[in-house]
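Worksheet: one structure, shown below.
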Amino acid sequence: MPLRIHSIALGFDQCYVVQSDGIIAIDAGAPGKGRKFAKELKTAGIKPEDIKLILITHGHWDHVGSAREIRELTGAAIAMHDCDAHWLEESLKPLSPGITPWGRLFTSVMKRFMPLIHIPGTDVDLRLGDEDFPLYEFGIPGSVIHTPGHTYGSMSVMLDSGEVFVGDLAMNKFPLRLTPGLPIFAIDESKVMDSWRLLLDRGARTVYPAHGKPFSVEIMRKALSKTET
Ligand SMILES: [Zn+2]
Ligand SMILES: [Zn+2]
């Protein structure tokens with residue numbers, strides 16, 4: 001079946017549903033977005049039970065928040081990197097520090113709001129490690145690649161055709177960024193750069209961020225070269 005990428009808008013961010021011979025979901029939005037996800041699936045003509053895997057790019061509140069609801073809706077297995085998995089299992093809400101002046105300000109404001117946010121915890125079925133996790137058995141031509149930096153357990157889904165779903169390894173949406181580029185929060189900025197070099201080496205062509213619209217990887221190549229000069 002030809003590849004189809006559905007962007008499912010969930011407010012602050014979006015998740016993606018990737019359809020080929022099988023169907024997977026990437027990320028699970030902020031808390032309380034299960035009904036919106038179900039509605040958008042219906043509009044896209046996808047049956048929830050046809051989704052077999054929910055791959056969560058990292059453990060932040062706006063990516064794991066509706067994981068339990070989406071799992072209950074679809075019956076799919078949840079996959080996360082081992083480093084971040086316990087955040088979802090234990091309903092934890094860590095933030096990564098800001099690495100730009102705006103990122104630092106944003107994080108300090110977010111910290112005040114975090115007590116209002118509750119993550120419905122759920123088990124992670126597949127704890128992934130640092131090695132690639134191929135998606136062929138799920139009917140998707142691509143692999144999950146460990147791309148740490150935004151968090152230690154951040155992962156990207158790279159399709160063989162060059163589309164790469166990076167979670168928050170890049171950002172392209174107000175109020176985080178006005179233009180596409182590097183994340184404004186990271187646990188380890190140098191690892192963000194290393195992960196981008198890896199994705200470029202591996203043939204990334206189009207970047208699908210969790211916050212904002214897709215864009216050409218050339219923007220990331222330029223952003224990276226600026227940090228090297
Ligand atoms: Zn994040
Ligand atoms: Zn995010």
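The values are calculated or read from the model by the stated rules, or taken from the named source; none is laboratory data. Note that the structure is predicted; figures quoted are calculated from it, not measured. Quick reminder, even Gly has a Cβ in these numbers, built from the backbone with ideal geometry, and neighbours come from all protein chains shown.
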* Structure fact -> Per the filter on the stretch 195-204, residues in contact with a helix residue (DSSP H, G or I) (Cβ under 9 Å, 6 or more places away or on another chain) and either more than 16 Å from ligand 1 (Cβ to nearest atom) or modelled with pLDDT under 95 (or both) are 197, 199, 200, 204
* Is it true that residue 45 is modelled with pLDDT of 95 or more and crowded, with 18+ Cβ neighbours inside 10 Å? -> no
* **Members of the stretch 183-197 found to be part of a helix (DSSP H, G or I) and either surrounded by 24 or more Cβ atoms within 10 Å (Cβ to Cβ) or not basic (Lys, Arg) (or both), listed by number** => 189, 190, 192, 193, 194, 195, 196
* For residues in the stretch 143-160 being in a strand (DSSP E or B) and in contact (Cβ under 8 Å) with a residue 24 or more places away in the chain, which is surrounded by the fewest Cβ atoms within 10 Å (Cβ to Cβ)? -> 146
* Could we say that residue 37 is over 22 Å from residue 142 (Cβ atoms) and either part of a loop (DSSP other than H, G, I, E, B) or at pLDDT 95 or above (or both) here? -> no
* From the list 192, 217, which one is among the β-branched types (Val, Ile, Thr), out of contact with any helix residue (DSSP H, G or I) (no Cβ under 6 Å at 6 or more places or on another chain), farther than 23 Å from residue 25 by Cα and modelled with pLDDT of 95 or more? -> 192
